[in-house]
Amino acid sequence: MAEQQSSAPTRASADATAPASGVIHIRTRHTANFTVLSNKLAQRAGSAVTVGVAAYILSLPDGASIRIDALCAHFKEGRARISAALNELEAEGWLERRVERGPGGRIVTRTFVYDAPGATEGDAPGPTEAPAARYERQPERATVPHTVPDPRATAVLGSLCHRDRRLVLSERETATLAPAVAEWLDRGVGPYEIAEALTSGLPARIDRRPARLLAYRLAALRPPAPAAPTPGPRPVPLQNCDGCDRGFRAPRPGRCRDCRARSDAAAPLVA
């Protein structure tokens, strides 16, 4: 009789390399119906509800509803805890809710979910790109640009959270915004004035990542470039005297002052 085969994972053997305590993983290779989570999210300290809501949202297909009513229908937690979880994910950059004008002028809310905080829509894979390739490139995508930002600009951006605690920026966001802040500084605007322009009159609720709001203000309120200095008067050109060949300054060629004086003295007087 043929030996029976089983697809169930084998039981972990108690060899010398196995840890004496703690978790022991029994790994199974998934080829369909699975979701890849970053360790930063899966091991996030704090509320387990926040991690669970994030994992559930990341497992949903594009277009699925993640309204609070829909999430409450899936989870046992109430509206307050689900809403708090969404706010925490948005504050940390895992989730972004944008209020936009949809078809027919109707106001709609679009929710963007990121598998790495600080990512953008342009980082998403193309239609023919395999999901595995997307996650293999994830560490490279999350790195900060190689150009070192202006330390004056990073100091200004780092001070914004002391004015408004919602303006906490990641290292990547700081490096992205620093060139615009450096341009303001080069145009003669002081750090205090820049911070005042970026933080005054902020809305009571920020429905998107603060970096996007700051980037908009930096571009919309950018000070004019300093005016070019007015050129001074051109110096009087140097001429060679037609009489003594001495150099002298005059707008046109001719004789120097001494030669003109001698010529005037030698001229006969007219009665």
Length gained if Ala225 through Leu37 is fully extended, taking 0.36 nm per residue and subtracting the Cα-Cα distance, is 63.1 nm
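If a/c stays under 1.5 just call it rounded; otherwise compare a/b with b/c (prolate if a/b is bigger, oblate if not). Do that for segment 42-99, with a ≥ b ≥ c from the square roots of the Cα gyration tensor eigenvalues. Could you put the intermediate results ahead of the total?
Working: a/c = 1.33, a/b = 1.11, b/c = 1.20.
Rounded, because the longest to shortest axis ratio a/c is under 1.5.
Keeping every protein chain present and rolling a 1.4 Å probe, give me the accessible area per residue for segment 185-229 in Å².
Values: 2760 Å² over 45 residues.
Each residue of segment 185-229 exposes 61 Å² on average to a 1.4 Å probe.
With every protein chain present, what is the per residue accessible area of segment 61-118 (1.4 Å probe, Å²)? All intermediate terms of the calculation are to be shown ahead of the outcome.
Working: 3540 Å² over 58 residues.
For segment 61-118, the per-residue accessible area is 61 Å².
Take the solvent-accessible surface of the protein heavy atoms, probe 1.4 Å, and return the percent of it on segment 161-271 that carbon and sulfur atoms account for.
Its accessible area is 55 percent carbon and sulfur atoms.
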Ser21-Phe112 pseudo-label distance in nm [points 7 Å out on the Cα-to-Cβ vector]
4.6 nm
Inter-site label distance for Arg257 and Val168 at 7 Å from Cα along Cβ, in nm:
7.6 nm
The extension gain from Val49 to Arg101, computed as 0.36 nm times the residue separation minus the Cα-Cα distance, is 15.6 nm
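If we count every other residue with Cβ under 12 angstrom of Phe248's Cβ, Lys/Arg +1 and Asp/Glu -1, where does the sum land? Don't jump to the answer; show the numbers that get you there.
Details: positive: Arg246, Arg249, Arg252, Arg255, Arg257, Arg260; negative: Asp242, Asp245, Asp258.
Taking every Cβ under 12 Å from that of Phe248, the sum is +3.
The values are calculated or read from the model by the stated rules, or taken from the named source; none is laboratory data. In this text the structure is predicted, and so the values were computed from the model without any measurement. Positions of Cβ are generated from backbone atoms using ideal geometry, with glycine treated the same way; all protein chains shown enter the neighbour counts. What goes into the accessible areas is simple: the full protein's heavy atoms, side chains included, and nothing from ligands, DNA or RNA. Shrake-Rupley method; radii C 1.70, N 1.55, O 1.52, S 1.80 Å.
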